Amino acid sequence: MCTIMGFTERFLPKQDRYAALLLYGMVLATCFNGYDAGIMTVILADKQFISYYHIDPNRTGIIASIPWASTGLAQLFVGGTLADKLGRLWALRIAILVTIIGVVIQIVPNTFGILIFGRMITGLGFGCTYIATGLYVSECAPTNLRGSFVGTVTQFGYQLGTLIAFWTGYGMSSYTSPNNIAWRVSNFVQIPIGLLFIAISFWYPESPRWLLEKYPEDPNHALDMLCKIRAKTRDDENVQLEMHELVASRQFRMRYATGYMGLLTDKAMRKRLLYGTYAMALQQFGGIAAVTMYATLIYQSLGWNNGSQALAINGIQAALQLVVVLVNTFSVDRFGRKPLLITGFAIQSLALLVLSSLTTSYPTNDNKAAAVAEVAMFFIVGLTYCWSNGPIPPAIASEVFPQHVRDKAFGLSCLGQTVCLLALTQPWPTFNAQVGGKSYWLLFSLNVTALISVIFILPETKGISLERMDKIFGDVDVVAATEEITNKTQTLQIPEAALTDVKSSASHVEKTPLKVVSD
């Protein structure tokens, strides 16, 4: 009983139960994205799809990677701007609708060119969804649980989507009549998932941090949303303290340029952008996208090509990965981001070393024991990714930037992920076909490189509020700086009509109390 209560308390903490339920609902958005990636793994091995579009290794690479080209466009210009102008929730709804349009284009009978166009539309929506989801969760999650919430929502939802996709593809694989029905129906199934989230999202409160940034003349609205998310009243000490940090941080940042200008013209912000881009690159630097996207083809190439063996192995792996994601929920805010990344890359490097040795020693797949061990190594790589370098990078990239540049900066940081993904997934089918089992030595080398870089480069962000993140980069702690100014002037400009209930509770934690002034 105690174990069950502890498990429940971790996922639904008493003090933040409403926020937890709210943020876990965002799983549907990332599930929608995960399904798209997962179903293409199955479709690329569908014989009727291969025949319909005359698929060869080069076309396989194009189909798998082309969405990430438009995802990069979203990360550069569209996703951050949409989230800034319309808010996190409306950006998310529009992004999902765009992805649905791309899916519909892929389903209808068409040419290879139209298929690629549909994939590009899907990628555009995918990039915007990823940005808006990451921003919303990081801005609404409690500080002490931010890493677990961001990681769980992004990775658990993604893995849930791939699990549904794999078993949908497996179930449809036996349907060969009418012609091309299996891959079209499999693709269609993701649409209701996206529509369901859009419907649910209208019950969600907007991010209070975005509201304060967008409507500073009415901080009362941001305070109401904060109270709703925390399920507390205005006179709650924790709500007052959090609102204190939001207002103090914003007042200090009023002297800086916002958006792309504030991000690219400020040396300190450029430094953080490098950290954010590097963190997101870690997610795909080890080649997990190539392993995942072509998993069915890889298992077939390793000798698991009788009937639906490869699809079944995929489905089993997806089910295990869904469970293992929850390790991140328990560990990331306890042990920190950096130790888990170091451990994860070390395990993946070791598994890929064994895998590469086996595929090099048995290139013709004539040893059954070696084939089983190879699958086991792939499982270890995939399972480790789900609690390490899968969920942790987006948590880091969404938390290291101040509010006035966060939406644009997070979007640009995601380019690190996209560049690595494109560099590995597009040429992988051709590279693997030419090099064979020795191709996995490349992935081993990349994971070792990532491991070394994390040890020497990555900062630790565990337990630091978004408004106090500056201090780990050697910058001014904007909250402390504002409090120092306030101590000298004895006033922090919070309109009385807007925040009459924000009192000086911060004094209980040795902070300078807020002084309400008249309009």
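The values are calculated or read from the model by the stated rules, or taken from the named source; none is laboratory data. Note that this is a predicted model, so its numbers are computed, not measured. All Cβ positions, glycine included, derive from the backbone under ideal geometry; neighbour counts span all protein chains shown. In case anyone asks, the SASA skips ligands and DNA or RNA and just uses the protein heavy atoms, side chains included. Shrake-Rupley method; radii C 1.70, N 1.55, O 1.52, S 1.80 Å.
Round to the nearest 0.05 the FRET efficiency obtained for Asn180 and Phe335 when R0 = 56 Å and r is the Cβ-Cβ distance.
0.70
Would you tell me the accessible area of Glu213, worked out with a 1.4 angstrom probe on the heavy atoms of the protein chains, in Å² to the nearest 10?
50 Å²
For the pairs Lys85/Lys338; Lys271/Lys462; Lys228/Lys338; Lys232/Lys267, note any where the Cα-Cα span goes beyond 30 Å.
Lys85/Lys338; Lys228/Lys338; Lys232/Lys267
Largest first and to the nearest Å, give the Cα extent of segment 262-488 along each principal axis.
If we take the Cα atoms of segment 262-488, the spans are 78, 34, 28 Å.
Using only DSSP helix segments of four residues or longer, with each worth -39500 (n - 2.57), what per-residue ellipticity at 222 nm results for the chain after dividing by its residue count and rounding to 500?
It lands at -22500 deg cm²/dmol.
In Å², and per residue, what accessible area does the chain have when probed at 1.4 Å with the other protein chains present?
Roughly 39 Å² per residue, with all protein chains present.
Dividing the Cα convex hull volume of segment 214-255 by residue count, how many Å³ per residue is that?
Normalising the Cα hull of segment 214-255 by residue number yields 64 Å³.
Would you indicate which of [x] 83, 79, 46; [y] 82, 58, 37; [z] 78, 54, 45 is the value of Cα extents along the principal axes in Å derived from the coordinates of this structure?
Step by step, Cα extents along the principal axes in Å for this structure corresponds to label [z].
Using the Cβ atoms and a cut-off under 12 Å, what net charge is assigned to the surroundings of Ser138, where Lys and Arg are +1 and Asp and Glu are -1?
It works out to a net charge of +1.
Can you give the accessible area of Trp428 in Å² (nearest 10), computed on protein heavy atoms with a 1.4 Å probe?
10 Å²
Using packing as a proxy for protection, rank 196-205, 153-162, 325-334 so that the peptide with the highest average count of other Cβ atoms within 10 Å comes first.
153-162, 325-334, 196-205
Could you give each residue of segment 382-394 its phi-based ³J(HN,Hα) in whole Hz, using Karplus coefficients 6.51, -1.76, 1.60 with θ = phi - 60°, and x for Gly or Pro?
Here the 3J(HN,Hα) series is x, 5, 5, 4, 5, 10, 10, 7, x, x, 6, x, x Hz.
Across segment 269-279, in residue order, what do the Karplus-derived ³J(HN,Hα) couplings come to in whole Hz, using 6.51 cos²θ - 1.76 cosθ + 1.60 with θ = phi - 60° and x for Gly and Pro?
6, 5, 4, 5, 4, 4, 5, x, 5, 4, 4
By how many degrees, 0 to 90 and rounded to 10, does the Cα axis of helix 237-253 deviate from the longest principal axis of the chain?
Once rounded, the angle reads 90 degrees.
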